[in-house]
Every structure is written in C-alpha cells, then in structure tokens.
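*Asks:* Dropping a structure here in structure tokens format, bear with me for questions.
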Amino acid sequence: MKLRSAEASNQFESVAPRLGFVPAFDGVRGYGVLIVLLGHLFPEETDSFNPIVDVFFVISAFLIVTLLLQERRDYGHIALKRFYSRRAIRLLPNSYACMVAWLAIWALVKAVGVELTGEGAEQVNAIPNHVAAAATYSYNLIYPIGGPIGPLGQFWSLSLEEQFYLFAGFGTAFFIATRRRIWVGATVMVALILWIGWSRFNADLGPWPGSEVTTIWWQRGMQLLWLSRPDALLVGVLLALLNAKLPDPLSPQLKKAIHVVGWIGLVACCVVLVSSLKGLYDRGFPFYLPGIPRDASQFANRDGELWCALEPHGPLRPCTDDLWIFRWVFSVMAIAIAPVALCFARYKDSALSKLFCFGWIRKVGEMSYSLYVWHILAFTLAQLLVQGSGRLQSAVVKLVVAFGISWLAHRYIDRAMLGLKLRFASEKVVLDRRTGQEVAIETVTSDDGSAPSDSSD
C-alpha cells in the first residue's frame, strides 16, 4: 500500500477542472478559417495572415494533451487505441474524400482529353503525386512551405498535425509516468522552441545542415521544416502542462491576471495579422514589414546562406538584413495566442471569451475543418465560373462555392461520423453536437466504461 501510494505521488497528475465544451474555441476557429480563406484569395497582399495557422496548432495541441491528462487522472491510464481511433474518425474521412475528388478531376480531364497549357497543365499533372503525399501525411516534407503551391497545398499543415498526433498519445503516456520525465520533457520542448525560433530569425529554415535551400526533394523538406512551425505545437503542449498545474478554483487575483494577459496576447495577435498587409499599406496604413519573397528572383543561395530581395528582380542581400516577417512572426503568434487559449479554458465567461462566442462565428468554426480541407478545390472549380470577372466579384463567387461545398462535406461526412467518434471519446459527459445536448456516458456506450469527449478535438 505504501509502495503504491509513493508511486502515485511520483506521477504527474492534472489538477485542472474538466475541460468540457469551450464555445470560444469554435469562435477562434471560425475567425481563423475566414482569415485563411482571405489569405488564399489575395495571397500577395496578405502575407501576415500566414501565421493564423499557428493559432490552430497551439489550440489543437493544447486540447489534445489536456484531454489526455484528464483521461489519465480520471481512469488511471490513457487508452491509446481509443485516442487514435478518435483522431482517425475525426480527420481521415473528410480529407480522403477531398483527395478522391481531386483524383476524379484528374481522371476526368485525362479521359475527356482537355488540352491544358502552362501552369494549368502542371497543376493537373501534379495531382496524383500530391494526393500520394497527402494520403501518407508526408506533404510538409515532400512539398514544404516555401515552394510552389500545389493543388493540395493545405495538406502541409494537416500532415504536420497528424505527425504530432502520432507521437502525442504515446509521448504523453510516457512522459507523465513520473514527474521527472515530465520536467525533462518540458525542458527539452522549451529548448526546441527557442532553437527553432532563433534559427528562423537567422534565416536558417530547417534542421538540415547549412542555411542554403536546394531543389533535392528529400533534403528540401528538412531544409524548410521550420516554416511548418512544429514549435507552435510544442507551445500548445507546454500550455496544457501549465493548465494542468493551475489550481482549481482559480483565485480572483489569478483569474484577473489570466484575463489581462489574455487581452495582451489578443492585441499582439492582431498586430501580427496586420504587420504585412500590402493592400492596406498601399491605401495609407502606416505600418508594413516585408512579407515573404514569392518570386523566384527574390531569393538565392549565396556564400552558404539565404539571400533575399525586397522586390522581384531587385538587389539581393542576406535575408537577415531586413525584418522579413517569416523570421519572427510565427514565434510571436504562437506565444501570443497561448494566454488567449488559457483564458478560454479557465475563464469561460470572461469578456475576452465572449468576444469569440457569437453564434454566427461559432457556426463557421464548427465547419472550419471542412472549409480548410475543401476550399482550394472549391476555389479551383469556382475559377471556371468567374473568367473575366473583377477581383471582388471573383472572390465573392469563390467564397460562396467554398462554403457550399464545405457545408455539404460537414453535413454528410463530419456530422455523419460524430456518433461513431463519441464511442471512442474520453470524458464522462459529452456535448452531442448533433443535438446540442450534453449526454452521460451510459447513453452513448457501455462497453468498457470509457466516456465520450465533448471537445471537437
């Protein structure tokens, strides 16, 4: 008995309250996916919209690890089979349906014999290879950020998340076994976050030796890996560990501090998002930093390092000579969103949380995964309808098509899988999103006492 008690006292155990349903997370997903859509509609004018993906990474890692810690506390173990089943049911049907749709387009073009030239032909011919990379969730390594955008370009982030999930279940179970392991793991994560952030700031964009970037595919993925921002996921993990050790209930002073720091984080996020908007700057906005060198003439390998030019065909100089946003913005966004997410989780009725709880934006957030997966295909199809149209009219049509296709995917794929997903979830009480009602475990499953989760993650 004493041995068992000593063993239990040596384990890392969460003291945080049950996470439950956090409506503000749907809201931030809604705002986030709208920013993604606008960024892809106007890519050359919205460079500072790119770090919105870091918001998704931090929140996703925070929720996943928080729920795993909660499961470990409630049941004494983490059911890895159920964890990976939840992830597969949540993510694979919708993403694989999108891949099948792209393959159908490729097969139709080939069967009909449509003659394409230039970029159109390249994009169509690239579909099978891009689908293969997406299907194996290695897209961020084979077609990394920093290269040409392919037909399934959004799968770089989905691939990184899947790689994280592959490690998250086993890693959490291993590291929380003892307090020493968790502190060693946390120290390593802090060191990695600092190293990745410092490397990016010095225009060293991946762990591959040297700062140069080549076209060799098996090297390029590692040379540009830091642009995929794995450090944002680590920030989310550390936030979950911090949340696990904050007392319940929070003292009034600590609650106020979390709220204030959350607002500071939100302001920092907003500053990041407007730091490189060329459209605003051209219309008189006083603040602008160079975004991302897009044209091939804007970057080159020189003397063992990466050189950049502010304008296409402009003079090249070391990228570190200018405050390009890709050097610093991802680290700032990941750190800034962390206190916002903590406020959402621990102070659900705060003014900050309510800002993200409007009904319409939560509805958008509920279908954010479908929007993210399907919007590039939708934009491509909509382009056929807007030939010769103005930019604004074209953007409106593309958004309408994207929301239409994504609503169908959300309705007939995501929601159709909810009942199955609940059977593998981990909490004792669940919000059934199909009905909007919380239900107890015994009304969902009675096979082994495990309970469903009311978090969308």
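Rule-based calculations on the coordinates, nothing more; no lab input. What you see is a predicted model; the values in this text were computed from it and never measured. Cβ sites come from the backbone with ideal geometry, for glycine too, and all protein chains shown count toward neighbours.
*Asks:* What FRET efficiency do you get for Asp322 and Asn129 if R0 is 41 Å and r is their Cβ-Cβ distance, rounded to the nearest 0.05? Before the final figure, lay out the partial values.
*Replies:* On the way: r = 34 Å, r/R0 = 0.84.
After rounding to 0.05, the efficiency reads 0.75.
*Asks:* Right, next: Among rounded, prolate and oblate, which fits segment 53-114 when a ≥ b ≥ c are the square roots of the eigenvalues of its C-alpha gyration tensor, a/c under 1.5 means rounded, and a/b larger than b/c means prolate?
*Replies:* Details: a/c = 8.00, a/b = 2.65, b/c = 3.02.
It comes out oblate by the Cα gyration axes.
*Asks:* Suppose every K and R has +1 on its Cβ and every D and E has -1 on its Cβ; what is the size of the dipole of segment 299-421 about the Cα centre, in Debye to the nearest 20?
*Replies:* On the way: 13 positive and 8 negative charges, 140 e Å.
That gives a dipole near 680 debye.
*Asks:* Would you mind putting 198-209, 19-30 in packing order, based on average other-beta-carbon counts within 10 Å, highest first? Could the numbers behind the result be given before it?
*Replies:* On the way: 198-209: 17.7, 19-30: 22.0.
So the peptides 198-209, 19-30, ranked by packing, come out 19-30, 198-209.
*Asks:* What's the extension gain from Gln11 to Leu192 if we count 0.36 nm per residue and subtract their Cα-Cα distance? Spell out each step's value before the answer.
*Replies:* On the way: separation 181, 0.36 × 181 = 65.16 nm, distance 2.41 nm.
That works out to 62.7 nm of additional length.
*Asks:* Please arrange Glu366, Glu162 by how many other C-beta atoms lie within 10 Å of their C-beta, fewest to most.
*Replies:* Numbers: Glu366 17, Glu162 20.
Final ranking by Cβ density, sparse to dense: Glu366, Glu162.
*Asks:* Considering only DSSP beta bridges where both residues belong to the chain, give the percentage that are antiparallel (nearest 5). Intermediate results must be reported in sequence, preceding the final value.
*Replies:* On the way: 10 of 11 bridges.
Restricted to the chain, the bridges split so that about 90 percent are antiparallel.
*Asks:* For Phe57, Phe358, what's the fewest-to-most ordering of other Cβ within 10 Å of each Cβ?
*Replies:* On the way: Phe57 27, Phe358 14.
Starting with the residue having the fewest Cβ neighbours, the order is Phe358, Phe57.
*Asks:* A further question follows. Is segment 312-391 rounded, prolate or oblate when judged by the Cα gyration tensor, a ≥ b ≥ c being the square roots of its eigenvalues, rounded requiring a/c under 1.5 and prolate requiring a/b larger than b/c? Before the final figure, lay out the partial values.
*Replies:* Values: a/c = 3.13, a/b = 1.14, b/c = 2.73.
Oblate is the answer for segment 312-391, as a/c is 1.5 or above yet b/c matches or exceeds a/b.
*Asks:* Would you calculate, for the chain, the mean residue ellipticity at 222 nm contributed by helices, counting each DSSP H stretch of 4 or more residues as -39,500 (n - 2.57) and dividing by all residues, to the nearest 500?
*Replies:* Working: 18 runs with 274 residues, N = 457.
-19500 deg cm²/dmol, from helical runs alone.
*Asks:* I need the calculated FRET efficiency for the pair Phe42 and Leu242, taking r as the beta carbon distance and R₀ as 45 Å, to the nearest 0.05. Intermediate results must be reported in sequence, preceding the final value.
*Replies:* Values: r = 36 Å, r/R0 = 0.81.
Approximately 0.80, to the nearest 0.05.
*Asks:* Pull out a ≥ b ≥ c, the square roots of the eigenvalues of the alpha-carbon gyration tensor of segment 344-404, then state rounded if a/c is under 1.5, prolate if not and a/b is larger than b/c, and oblate in the remaining case. Please report the intermediate quantities before stating the final value.
*Replies:* Values: a/c = 4.49, a/b = 2.62, b/c = 1.71.
Judged from the Cα gyration tensor, segment 344-404 comes out prolate (a/c at least 1.5, a/b above b/c).
*Asks:* Still on this structure, please answer the following. For Trp217 and Leu420, compute 0.36 nm times the residue count separating them, minus their Cα-Cα distance, and round to one decimal in nm. Present the calculation step by step, with values, prior to reporting the outcome.
*Replies:* On the way: separation 203, 0.36 × 203 = 73.08 nm, distance 3.84 nm.
Fully extending the segment from Trp217 to Leu420 adds 69.2 nm.
*Asks:* Another one. Tell me, in nm to one decimal, what length is gained between Tyr96 and Leu385 on full extension, where the rule is 0.36 nm per residue of separation less the Cα-Cα distance? Walk me through the numbers on the way to the answer.
*Replies:* Working: separation 289, 0.36 × 289 = 104.04 nm, distance 2.57 nm.
Roughly 101.5 nm would be gained on extension.
*Asks:* Right, next: Could you give the size of the charge dipole of the chain about its Cα centre, using +1 on the Cβ of each K and R and -1 on the Cβ of each D and E, expressed in debye and rounded to the nearest 20?
*Replies:* Computed charge dipole of the chain: roughly 1300 debye.
*Asks:* Modelled label-to-label distance, Leu254 and Ile105, 7 Å Cα→beta-carbon offset: nm?
*Replies:* 5.0
*Asks:* Tell me, what is the FRET efficiency for Ala300 and Ile149 to the nearest 0.05, using R0 = 30 angstrom and their Cβ-Cβ distance as r? Let's see the in-between values first.
*Replies:* Values: r = 20 Å, r/R0 = 0.67.
Efficiency at R0 = 30 Å is approximately 0.90.
*Asks:* Mean Kyte-Doolittle of at least 1.6 plus a Cα span of 18 Å or more along the axis: flag which DSSP H helices in the chain meet both, please. Intermediate values should be presented prior to the final figure.
*Replies:* Working: long enough: 23-41 (28 Å, 1.12); 52-75 (35 Å, 1.25); 80-112 (46 Å, 0.66); 118-135 (26 Å, 0.03); 155-175 (29 Å, 0.76); 179-201 (33 Å, 0.83); 230-245 (24 Å, 1.48); 252-273 (32 Å, 1.46); 325-346 (32 Å, 1.79); 368-383 (22 Å, 0.88); 391-409 (27 Å, 1.37).
Passing helices, by number: 325-346.
*Asks:* Given an 8 Å cut-off on Cα distances and at least 6 residues of separation, report the relative contact order of the chain as a percent. If you can, show how the numbers build up before the last one.
*Replies:* On the way: 669 pairs, mean separation 116.6, N = 457.
Worked out over the chain, it gives 26 percent.
*Asks:* With 10 angstrom as the radius, rank Lys398, Lys278 by how many other C-beta atoms surround their C-beta, starting from the fewest. Each step should come with its number before you reach the end.
*Replies:* Details: Lys398 22, Lys278 17.
The most exposed by this proxy come first: Lys278, Lys398.
*Asks:* Given labels modelled 7 Å from the Cα in the Cβ direction, how far is it in nm from Lys348 to Arg411?
*Replies:* So the two model labels end up 2.9 nm from each other.
*Asks:* How far apart, in nm, are the 7 Å Cα→Cβ label points at Lys81 and Arg18?
*Replies:* Between Lys81 and Arg18, the simple spin-label model gives 2.5 nm.
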